[in-house]
Ligand code: PMP
């Protein structure tokens, strides 16, 4: 029913073609990390086989080639999220480092005693803890947007939290635990109306949703390559140029400086001011191929396919005896979270693994959200472009066995 040739796409992912515990692997842990297509794997190998060199400083041929490939990813990233300028793209290790960068640099500079930072109950720990560092140090206050029973942000409550004291609002574009897609454009508009800046954690959006930072008017946005069919240890932070300009460096070292003397050091221009030391060159280089893979496959076609899978899985899994879906927002990325009466999520995960099915179980780095629902954790199946309905049938069959066996 979708325009994608999924069988052809599956051929691009060598890791999928193996057996686990005697069965064909079913990989449903894509929200944790997605698998990598050959174009990405080959880009890594070609970099190390052909032009590995340290970037920016060298004038020899390999250094120039490596620098060009590294900077090409910046241009691709700029296009991917529709930033105004490549100076607004800072390479990081991923979402976690991007949040720490902004919390540390922007937060510690501009947050004062009594100021308020707003996050939500739906956040990953990495979008909570760095802000806690700031409020502790500055005697500021962390406020939390509550979630509804269906797993949506309570926007009325959010409106009431906003005031002239609000300095930063930081929420995710989509939830890794429940899949909820948040109305970030409205969240951003409301925050700007009280003069706050907005940080968007796009970890679960990068491979699934359209991202246009100019249309959103967000102040910061971040993604991780490894959740977008790219390598681990690479990602980028988008920041509005005027904000990045007035932020102090995050780390000191080589490459981020203009001139160093023992009296006074001056800093490099954007984005290099925030890229101290030798970066993760090969992984950043290969990240471009991952973004190109998504763009060439077609973000809309991928989203339609994943939406189809989610709908099918939701219908089938929710009909199983004792299954409770957690997170039933109408707008979701392809994440299905659930509990089963009387069976611990870990046991379900283990028994599914025995059948070659990889799901995630536990709190998914969202303990406050689990507390909100009074549960320890969930079973989470998350889908990517290479997944099929047949695999969902295998999941359902596995779950039926687990449920019958345990009762
Ligand atoms: N935020 C969200 C919503 C996530 O899903 C993740 C990864 N599970 C992170 C932040 C952290 O990303 P990373 O580990 O790539 O830094």
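The values are calculated or read from the model by the stated rules, or taken from the named source; none is laboratory data. From a predicted model like this one, the values you see are computed outputs, not experimental measurements. Note that we place each Cβ from the backbone using ideal geometry, even for glycine, and neighbour counts take in every protein chain shown.
Out of 333, 340, 385, one residue alone is outside the structural domain of residue 246 (by TED's automatic domain parsing) and within 16 Å of the ligand (Cβ to nearest atom). It is 333. Candidates 12, 71: the one that is closer than 29 Å to residue 201 by Cα, more than 16 Å from the ligand (Cβ to nearest atom) and free of Cβ contacts under 8 Å to residues at least 24 places away in the same chain is 71. Here 47, 51 are screened, and the one residue that is under 30 Å from residue 358 (Cβ atoms) and surrounded by 13 or more Cβ atoms within 10 Å (Cβ to Cβ) is 47. Give the residues of region 288-308 that are under 16 Å from residue 181 (Cβ atoms) and buried (at least 19 other Cβ atoms within 10 Å of the Cβ), sorted by residue number. Once the filter is applied, which keeps residues that are under 16 Å from residue 181 (Cβ atoms) and buried (at least 19 other Cβ atoms within 10 Å of the Cβ), region 288-308 yields 302, 306.
Scanning region 147-196 for residues that are assigned to a helix (DSSP H, G or I) and within 13 Å of the ligand (Cβ to nearest atom) gives a single hit, 184.
Please verify whether residue 110 is more than 21 Å from the chain's Cα centre (by Cα) and closer than 18 Å to residue 249 by Cβ, treating the condition exactly as stated. Yes, satisfied.
Kindly evaluate residue 32 against the criterion of being over 24 Å from residue 271 (Cα atoms), in a loop (DSSP other than H, G, I, E, B) and either modelled with pLDDT of 95 or more or assigned by TED's automatic domain parsing to the domain that holds residue 362 (or both). It is true that residue 32 is over 24 Å from residue 271 (Cα atoms), in a loop (DSSP other than H, G, I, E, B) and either modelled with pLDDT of 95 or more or assigned by TED's automatic domain parsing to the domain that holds residue 362 (or both).
Out of 128, 89, 59, 111, report the one residue that is over 23 Å from residue 283 (Cβ atoms), more than 16 Å from the ligand (Cβ to nearest atom) and touching a strand residue (DSSP E or B) at 6+ places or on another chain (Cβ under 7 Å). None of the others qualify; the one that does is 111.
Selection of region 357-393 for residues being surrounded by 19 or more Cβ atoms within 10 Å (Cβ to Cβ) and more than 21 Å from residue 127 (Cα to Cα) yields 357, 359, 379, 381, 383, 384, 385, 386, 387, 391, 392. Screening residue 104 against (1) more than 13 Å from residue 282 (Cβ to Cβ); (2) within 17 Å of the chain's Cα centre (by Cα) leaves a single unmet condition, (2). The listed residues are 253, 230, and the only one of them that is over 19 Å from residue 85 (Cα atoms) and either without any contact (Cβ under 8 Å) to a residue 12 or more places away in the chain or more than 16 Å from the ligand (Cβ to nearest atom) (or both) turns out to be 253. In region 114-125, the qualifying residues are those that are surrounded by 15 or more Cβ atoms within 10 Å (Cβ to Cβ) and more than 14 Å from the ligand (Cβ to nearest atom), and the one that is farthest from the chain's Cα centre (by Cα) is 115. Name the residues in region 310-330 that are surrounded by 13 or more Cβ atoms within 10 Å (Cβ to Cβ) and in a loop (DSSP other than H, G, I, E, B), would you? Scanning region 310-330 gives 320, 322, 326, 327, 328, 329. State which residue pairs qualify: first residue without any contact (Cβ under 8 Å) to a residue 40 or more places away in the chain and inside region 125-137, second residue surrounded by 15 or more Cβ atoms within 10 Å (Cβ to Cβ) and in a helix (DSSP H, G or I) in any location, beta carbons under 6 Å apart, and separation of 6 or more residues or different chains. From residues that are without any contact (Cβ under 8 Å) to a residue 40 or more places away in the chain, the pairs are 130/99; 130/100; 130/103; 131/103; 134/103; 134/107.
Each residue in region 215-239 was checked for being buried (at least 19 other Cβ atoms within 10 Å of the Cβ) and over 18 Å from residue 176 (Cα atoms), and 10 pass.
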